Amino acid sequence: MTLAPAILILGQASLETAKTIAGLYQRAEIWGLEGRVQGADKTYSHFGDTLRALYQEGRPLIALCASGIIIRALAPLLSNKQAEPPVLSIAEDGSAVVPLLGGLTGVNDMAKTIAKAFDVKPAITTSGELRFGINLLHPPVDMVLANPDAAKKFTSDLLAGAALRLIGQSQWIKRSKLPLHDDGDLTIRITPEITSPSDNELIYHPRTIVIGIEKPCADLYDHVAKILANAGLAAPSLALILAHEHDCNNDDIRRFAAQSGLPLRFVETEGALTPHSVDEPVKLIEETQVTIAIADTPQDIVLCGRPRGRLSVIGLGPGDKQFTTPAVLAELAQAQDLLGYETYIKMAGTLRDDQRIYATDNREEMQRARHAFELAASGRSVVMVSSGDPGVFAMATAVMEALDQSDNPSWHAVDLVIQPGISAAMSAASKAGAPLGHDFCIISLSDNLKPWSVIENRIHHAALADMVMAFYNPVSKARPHQLGQAIEKLRQLRTPETPVILARDIGRPAESLRHITLSELHSDMVDMRTVVLVGSSLTRTFDRAMGQKWTYTPRWYGDEHRPKDFK
Ligand code: SAH
């Protein structure tokens, strides 16, 4: 199941059940009927249209309503069995779990998982599955059925009483209720080799092939494809790429991993690029660049190597989810560990139970950055959360400082990415008009990490240079007077009419925006949740509808650039 399931509910009474189901799946969304449901992730106004649209997107669908409503809504679309996503009907209180469609895409597995959460029996009606406990068309993720077209007749023969012989190893088959006999007429063959099935045979390719990259080279993908073809090995059996730790930043290996879609893991530089648990690989093809090892079973690969840890430093934007980039949302979805100031972690939205949270006080930045590297260096996927942009008075800089000061190679080997966000000055400016339309600077008024004299000097020169200024961290309980001093400084160099914007809690429920002038500005009007924008000599304010104002700074500067028709 690749897409996130959509859970559709028609009334408030179903919300609790929907939440229990949502907790079972990563990124599941609860869709509630407009006007009837509060607290859902999304709302919809027409059940049938919504269900059909989601179905056509291929989304797994879980609807908390009568089966008949779902059947009638989807009836016009039911022609192609292969393409159908799982569709389940579930009683409002979770007492009945009915898989309706998607036998090939895992609906019965979903029904079993959901039914378990409510301690009920799923309404499984697939006869093969009922009798044998498994669906031959739907193997576990570590095996691929090579000849699905043969499965229907194969299952009917089994149901008619034929016995089955297993060639190769599979716990899935062994633990099922299939009628296994050494001399069975039907065979299931588990093999990583390309073989054409005989009549009455199903072939599964287990994910048991490990590709060890001894020496990276530019065309790894083609190279490996050629080795596999020469050796008669089936591509679906590829399980993993293993590389030496010293190659963790190698672009050829990364490209190969991306092209093949295979997971990439690393072993210590001295270690062997084969599964530890296999003393003697069944088959080993030594080439100059690549070693191919075939494990006995997919389980032998589970503990092989360790993933490259990732640290992604993200900016949520001002607060409203709409202004968080899709790249940042993707990072949040894949995170195993989240670190950050508690308020920002809460702002990041609902997290899954399996995501570990390390919420700390805002001032412990270096400690937090080091902790993030320790977690990531152990192979975990870590997200460090900032508000706005992570590089603007936020955690990306602390992370860089921590790495710069460290000579720990495992920290430097972490896959480090910085994902930008919309900074407070940009979101505030967009609400006010276009005050940052010409040259501007951003100055933090916090003198925790720099002397006040430097801040005053910067304000002085920015004012002399006639730049628009955005003040972050304008005032705090520990520094109540600095803003007053900054205002004094500005008044010496800017006219009293200079437009000033006070933008507080932008993109959050308590958002407020005021257009005032420098003469009106007083530090009492400002707190730590405010960004203050101070205009240049050209910044203008004019009225807009509903008694509000627009403020902007023109694109041009100086009389010789002023457009002739501009007042
Ligand atoms: N990385 C953040 C800035 C962190 S410094 C960013 O890029 O936006 C914290 C300061 O940013 C606050 O004191 C305030 O001046 C400003 N700020 C952050 N979020 C804000 C918001 N939603 N509304 C107004 N100001 C905000």
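The values are calculated or read from the model by the stated rules, or taken from the named source; none is laboratory data. Computed from a predicted model, the values in this text were never measured in an experiment. Here the Cβ positions follow ideal geometry from the backbone for every residue, glycine too, while neighbour counts run over all protein chains shown. Please note that ligands, DNA and RNA were not included when accessible areas were found on the heavy atoms of the full protein model with its side chains. Shrake-Rupley method; radii C 1.70, N 1.55, O 1.52, S 1.80 Å.
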| request: Keeping to the stretch 402-425, report how many residues are assigned to a helix (DSSP H, G or I), free of Cβ contacts under 8 Å to residues at least 24 places away in the same chain and farther than 20 Å from Asp247 by Cα. | output: 1
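Does Asn408 fit the bill of being within 16 Å of the ligand (Cβ to nearest atom), open to solvent by 50 Å² or more (accessible area, probe 1.4 Å) and out of contact with any Gly (no Cβ under 6 Å at 6 or more places or on another chain)?
No; evaluated as a whole, the condition is false for this residue.
Okay, residues lined up against (1) farther than 14 Å from Thr551 by Cα; (2) charged (D, E, K, R); (3) touching a Ser or Thr at 6+ places or on another chain (Cβ under 7 Å); (4) open to solvent by 30 Å² or more (accessible area, probe 1.4 Å):
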| position | (1), (2), (3), (4) |
| --- | --- |
| Met426 | no, no, no, yes |
| Ala432 | no, no, yes, no |
| Pro474 | yes, no, yes, no |
| Lys489 | yes, yes, no, yes |
| Thr498 | no, no, yes, no |
| His522 | yes, no, no, yes |
| query | Restricting the stretch 500-520 to residues that are within 10 Å of the ligand (Cβ to nearest atom) and surrounded by fewer than 15 Cβ atoms within 10 Å (Cβ to Cβ), which is nearest to the chain's Cα centre (by Cα)? | reply | Arg508
| How many of the residues making up the stretch 34-54 are among the hydrophobic types (A, V, I, L, M, F, W, C), surrounded by fewer than 20 Cβ atoms within 10 Å (Cβ to Cβ) and under 21 Å from Val97 (Cα atoms)? | 1
| query | His371 is checked against (1) under 23 Å from Ala413 (Cβ atoms); (2) within 15 Å of the ligand (Cβ to nearest atom); (3) open to solvent by 60 Å² or more (accessible area, probe 1.4 Å) and fails just one. What number does that condition carry? | reply | (2)
| said: Testing Ala486 on (1) in contact (Cβ under 8 Å) with a residue 40 or more places away in the chain; (2) over 24 Å from Asp320 (Cα atoms); (3) more than 15 Å from the ligand (Cβ to nearest atom); (4) of a type outside the set (Val, Ile, Thr), one condition comes back false. Which one is that? | reply: (3)
| task | Return the pairs, sorted by first residue and then second, in which the second residue is part of a strand (DSSP E or B) and open to solvent by 20 Å² or more (accessible area, probe 1.4 Å), the first residue lies in the stretch 377-393 and is small (Gly, Ala, Ser) and within 12 Å of the ligand (Cβ to nearest atom), the beta carbons are less than 9 Å apart, and the residues are 6+ apart or on different chains. | result | Ser386/Tyr341; Ser387/Tyr341; Gly388/Tyr472; Gly391/Ile418
| message | List the residue pairs whose Cβ atoms are under 8 Å apart, where the first residue sits in the stretch 502-526 and is under 18 Å from Ser444 (Cα atoms), the second is within 8 Å of the ligand (Cβ to nearest atom) and open to solvent by 50 Å² or more (accessible area, probe 1.4 Å), and the two are 6 or more positions apart or on different chains. | response | Arg504/Glu511; Arg504/Arg529; Asp505/Glu511; Asp505/Arg529
| Looking at (1) in contact with a helix residue (DSSP H, G or I) (Cβ under 6 Å, 6 or more places away or on another chain); (2) in contact (Cβ under 8 Å) with a residue 60 or more places away in the chain, which is the only condition Pro122 fails? | (2)
| task | Scan the stretch 377-401 for residues that are under 18 Å from the mean Cα position of the chain (by Cα) and either part of a helix (DSSP H, G or I) or more than 23 Å from Gly507 (Cβ to Cβ) (or both) and report the count. | result | 4
| request: Quickly run through the stretch 411-424 and pick out the residues that are away from the ligand (no atom under 13 Å from the Cβ) and open to solvent by 70 Å² or more (accessible area, probe 1.4 Å). | output: His412
